[in-house]
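Rule-based calculations on the coordinates, nothing more; no lab input. These numbers were taken from a predicted model, which means no experiment stands behind them. Neighbour counts run over all protein chains shown; Cβ positions are idealised from the backbone, glycine included.
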Amino acid sequence: MKIITLMGSSKKKGNTATILGWVEEHLRTLGHEVESIYLHSKEINPCLGCAKCKEDATQVACIRQDDGLAILEKMAQADLTLFASPLYFWGLTSPTKAIIDRSYSLVTNYHKPDHASLVEGRRQALLVTGGGDFANNAEPAFTAFERLVNFYKGTSAGELYVKCTVPEALDSDVKNQAVAFAAKIAG
Ligand SMILES: Cc1cc2nc3c(=O)[nH]c(=O)nc-3n(C[C@H](O)[C@H](O)[C@H](O)COP(=O)(O)O)c2cc1C
């Protein structure tokens, strides 16, 4: 399976990167091809909402010529896209949100009978770390993600929320959760 992971934390050795690293390691052990994209190193400009992308359902027709376009094209090629982000103010981080907004260009005719998507039937998964509980904190980010998968006509492959303090405190329990999550999302 061709997999891309979109890492939305700035910290390369933080909670999200550590857990994502365990997930990626297990995906590779299972024989999958994993491309890891560190979003903070990319130029991903905001969606303009211009809807130019709606004029061509056959390709990623976003007019913004930046790194976001190449990432969207990789999403359209991948069997599975894994979004990984810390929770920032009950939502995903800015670069994660930026690529999600730009993925508007993957879909045409949402809510219409001819609703089409360049990621139709592909798997999408979400990994989030946060300092607080899931309830009344991380929940809205997951609800929004489930709606996004529906917008994509995709397949929800799995979701994982991990309440964290510091990376040094991430123990074998969390690693086991990461490994189980990897096995699940790769189906
Ligand atoms: C700007 C900012 C906003 C945050 N907002 C939340 C939040 O709304 N809920 C929460 O549980 N944790 C919140 N946190 C804590 C982080 O989500 C948490 O420490 C996360 O695991 C950090 O991941 P990282 O080490 O990969 O950067 C916030 C942290 C920062 C810096």
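Just a few scattered comments:
- Counting charges near Ala144 (Lys, Arg +1; Asp, Glu -1) among other residues having Cβ under 12 Å from its Cβ returns a value of -2.
- Whole-Å distance, taken between Cα centres, linking segment 3-69 and segment 83-155: 12
- Looking at the chain, the DSSP beta bridges with both ends there are about 10 percent antiparallel.
- Listed residues His40, His26, His111, most fluctuating in the chain (Gaussian network, C-alpha, under 10 Å): His111
- Check: segment 1-157 dipole with +1 on Lys, Arg Cβ and -1 on Asp, Glu Cβ, in debye: 140
- Residues considered: Gly132, Gly158, Gly68. Largest GNM mean-square fluctuation over the chain, using C-alpha springs under 10 Å, is found at Gly132.
- In segment 75-173, the ratio of gyration radius to Kirkwood radius, Rg to Rh, stands at 1.02 when only Cα atoms are counted.
- Helical contribution to [θ] at 222 nm, DSSP H n ≥ 4, -39,500 (n - 2.57), averaged over the chain, rounded to 500: -10500 deg cm²/dmol
- Computed over the chain with a Gaussian network model linking Cα atoms closer than 10 Å, the most mobile of Ala138, Ala116, Ala84 is Ala116.
- Taken over the Cα atoms of segment 2-185, the convex hull encloses 109 Å³ per residue.
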